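Computed from the coordinates by the stated procedures, all read-outs in this text should not be read as laboratory data. In this text, all values refer to a predicted model and were calculated from it rather than measured experimentally. All Cβ positions, glycine included, derive from the backbone under ideal geometry; neighbour counts span all protein chains shown.
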Amino acid sequence: MQTAIQLYTLREIDGSILDVLARVGDAGFDGVEFAYRVDEASTAEIRGALEDAGLTAAAAHVGIEALEADLDDVIETAEALGYEDIVVPWLDPEHFETVAAVEATAERLSELARAVADRGLQLHYHNHDQEFAETDEGVAFDLLVERSSDDLMFEVDAGWALYGGADPVALLHEYADRISLVHFKDVRLDSEDAPPLGEGDLDVDAVATAAREIDAEWAVFENDEPDDPVTALENGADVLSGAVR
């Protein structure tokens, strides 16, 4: 299992995307998951920076509206940068508040997943905590998995799942055949803080073990509100590499 960083973690670092990629390579990650700033340089320049840093493009977060508005452009960028996994990073809580809302969400994502699959790539959905709301027929996340197409994969964010009341280790095992990307974000259950990886309530080692057991391809570190992104980068690389290897 390889390690990557979700580049949203580093959005406040000064310098271009090319500078950021060099920093990520120096920190020891195997790859990156894109989310922003890719328009700061050409795809050829970004591809060159990845190669210079010894990094692989693991995946990218792309908003659902962008996917629906211009799938050709999203696919073209993915092919140019060399990743095959596209991740819808967020849907508002209203999409998971009722059974009808979850079913509509499952159909919407399934339709996109089929379109992406037809182009030879794979679509994933990345959870936060709202997906673990209780509905009349059970937990919304479970319904979403059950009622969506097998073309749709899931990037389980272990920290957000824990914050939402789920057991991330059990979640990984239950839906192993739909998971190849696992997010490692730490949380504190009694606050909205975003602690450094390994300093919150997430059992990083247990999640890493489960991710290995289900043959996940990528362990992806994220801290969406780091006190210092440079420190978060270095700490995240050390903790995650120690847990997965």
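Counted as membrane-span-like here are DSSP H helices of the chain whose alpha-carbon atoms extend 20 Å or more along the helix's own axis and whose Kyte-Doolittle mean is 0.5 or above; these are 229-244. Charge tally around Ile13: other residues with Cβ under 9 Å, Lys/Arg +1 each, Asp/Glu -1 each, net -1.
Could you give the distance between the Cα centres of the range 107-142 and the range 199-216, to the whole Å? A separation of 22 Å, based on Cα centres.
Taking 0.36 nm per residue of sequence separation and removing the Cα-Cα distance, the Glu225/Asp193 pair yields an extension gain of 10.7 nm.
Applying 0.36 nm per residue to the separation of Ala176 and Glu97 and subtracting their alpha-carbon distance, the gain on full extension is 26.0 nm. With all projection directions averaged, the alpha carbon convex hull of the chain covers 12.0 nm². Remark: spin-label model distance Asp52-Thr135 equals 4.8 nm, labels positioned 7 Å along the Cα→Cβ axis. Is the range 1-50 best put as rounded, prolate or oblate by its Cα gyration tensor, with a ≥ b ≥ c the root eigenvalues, rounded for a/c under 1.5, and otherwise prolate when a/b is larger than b/c, oblate when not? Note, shape of the range 1-50 comes out prolate. Calculated FRET efficiency, Glu45 to Arg245, Cβ-Cβ distance, R0 = 25 Å: about 0.20 to the nearest 0.05.
Residue ranges 194-202, 148-156 sort as 148-156, 194-202 when ordered by packing (mean number of other C-beta atoms within 10 Å per residue, highest first). Annotation: extensible slack from Val38 through Arg119 equals 27.0 nm (criterion: 0.36 nm per residue apart, minus Cα-Cα distance).
Taking a sphere under 13 Å around the Cβ of Gly28 and counting the other residues whose Cβ falls inside, with K and R at +1 and D and E at -1, yields a net charge of -2.
Per residue of the chain, the DSSP helices (runs of n ≥ 4 H) give a summed -39500 (n - 2.57) that works out to -13000 deg cm²/dmol at 222 nm.
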